[in-house]
Amino acid sequence: MKKLIITSLFFLITYYSLLISNCQSQWIQQYTGTTSNLYDMKFLNERTGWVVGASGALMKTTNAGVNWVQMGYPVGNKPLRGIHIVDSNIVYVVGYYETIIKTTNGGSNWIIIRNGPSSQGESYFCVFFIDKDKGWIAGTGEKVLKTTDGGETIDSAYVNGGWFYDMYFKDANTGCMSEEGRVFKTTNGGINWYPSLSASLGHIFMKISFVDNLYGWVCSLNGRAVYRTIDFGSNWSLIDTTVPGMGCIHFINKDTGFMGGNTNRLYKSTNSGFSWRRENTVTSNEQFEAIKFVNDTVGWVAATTGVILHTTKGGQPVVNISQNGNEIPKGYRLNQNYPNPFNSTTRIPFEISEKANINISVFDILGRKIETIVNKTFEAGKYEVSYNADKLSSGIYFYRMLIDGNTSLSNKFLLKK
């Protein structure tokens, strides 16, 4: 009993320490109870999700990540690399050394489909099911496995490639799969695969993301490349070469997405991936491995050393904010940016007379919102926030300050390139 009390106190202290230390950030680190690298993560809804990783990490949450619970060790400490949620009961998991398992009761029990000896056989990195019975699995070995009866029988198709890391099917016939510098596509249920994207040597495409069964993205783990398709992988275009070492990517809609990689780098795009702004995370030197959003604002990122980050406000970009003196203003003011006109970078001064949530966003001449610069709570004072407009074309734009969601002030600036 004493040991249980001490353990519970340790958990509460750790959890609230993380909560307090991260209270100024929109990315909150959640307590997972493990330091194992986490490789894949999926969510069924805002509360229920799963994450898998090294050393047999196989965790589930039913309260949006407040608690992550290890759901047994059905294959011991073998590394687990891919997971797919069919529904609240049925989940498939794949991993190293011929590992394929599934649960039909939400993780209470596991069915071993394959479980080879450690350090022997092929390894599986990705899994995708379109219903409880029909699915595909891939990894090493230059082949894709397919089942139509929930794993009772498994067929395989040879694919002339390397290691396959992620896959997505829009229906029973049409799917795409990421590989070392290539994306493969099938139109006959995985019987045949052809490379629809072949990038230069040295690129490794890990995660793949699709929206509306049309728009798709991949990024390079060991290069500077983001590719996009608008016809479900039939054709791909190189759209960005500025962000290095990105291993995971996830788009919420055709415009807004996140991309993560090594050395604590997490980025957000609001223009379909053509440009990216770095997010203000709370980690130190982790590599981000998987990203999942369930709507426009609620999402999670899984990383090495057991780290999971959570946001309920669509993340938070890195913004240079400075406070000017200690004087308390007498009201609310949104001052003119300087320099103005400007080329790429400007500063926006504002004043608030009492503690308030401040949202500053940029709009084009037609009133369409381009992006949010800052959305956080400030104490009373005078501040300046920097804004980088590299991704915008020359022209007139407006910036608006919303105070506690009600009072609104606005100004305009002129961008000259």
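If you check residue 190 against the conditions, is it closer than 15 Å to residue 144 by Cβ and in the same structural domain as residue 258 (by TED's automatic domain parsing)?
On the way: closer than 15 Å to residue 144 by Cβ: yes; in the same structural domain as residue 258 (by TED's automatic domain parsing): yes.
Yes, satisfied.
Restricting the search to strands (runs of 3 or more DSSP E) fully inside segment 318-387 and requiring at least 3 residues that are free of Cβ contacts under 8 Å to residues at least 40 places away in the same chain, outside the structural domain of residue 256 (by TED's automatic domain parsing) and within 34 Å of the chain's Cα centre (by Cα) gives 369-378.
Being within 19 Å of residue 133 (Cβ to Cβ) and buried (at least 16 other Cβ atoms within 10 Å of the Cβ): is that true of residue 75 here?
Working: within 19 Å of residue 133 (Cβ to Cβ): no; buried (at least 16 other Cβ atoms within 10 Å of the Cβ): yes.
Judged against the criteria, residue 75 is not a match.
Any residue in segment 113-122 that is modelled with pLDDT of 95 or more, closer than 19 Å to residue 206 by Cβ and assigned to a strand (DSSP E or B)? No, segment 113-122 contains no residue that is modelled with pLDDT of 95 or more, closer than 19 Å to residue 206 by Cβ and assigned to a strand (DSSP E or B). Checked against (1) on the phi > 0 side of the Ramachandran plot; (2) surrounded by fewer than 19 Cβ atoms within 10 Å (Cβ to Cβ), residue 284 passes all but a single condition, namely (1).
Among the residues of segment 184-228, how many are of a type in the set (A, V, I, L, M) and under 15 Å from residue 248 (Cβ atoms)?
Number satisfying all stated conditions: 7.
Quick grid of which residues meet (1) within 23 Å of residue 79 (Cβ to Cβ); (2) buried (at least 17 other Cβ atoms within 10 Å of the Cβ); (3) touching a His at 6+ places or on another chain (Cβ under 9 Å):
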site	(1), (2), (3)
107	yes, yes, no
132	no, no, no
155	no, no, no
159	yes, yes, no
164	yes, yes, no
171	no, no, no
174	no, yes, no
180	yes, yes, yes
187	no, no, no
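Take the conditions among the hydroxyl-bearing types (Ser, Thr, Tyr), more than 21 Å from the chain's Cα centre (by Cα) and not in a loop (DSSP other than H, G, I, E, B) and apply them to residue 55. Does it pass? Reasoning before the result, please.
Values: among the hydroxyl-bearing types (Ser, Thr, Tyr): yes; more than 21 Å from the chain's Cα centre (by Cα): yes; not in a loop (DSSP other than H, G, I, E, B): yes.
Yes.
Taking segment 128-215 as the region of interest, the strands (runs of 3 or more DSSP E) fully inside it that hold 1 or more residues being touching a residue at least 12 places away in the same chain (Cβ under 8 Å) and under 22 Å from the mean Cα position of the chain (by Cα) are 135-139, 166-169, 175-178, 182-186, 205-211.
The values are calculated or read from the model by the stated rules, or taken from the named source; none is laboratory data. As the structure is a computational prediction, the values presented were derived from the model and not from experiment. So basically every Cβ, Gly included, is an ideal-geometry build from the backbone, and we count neighbours across all protein chains shown.
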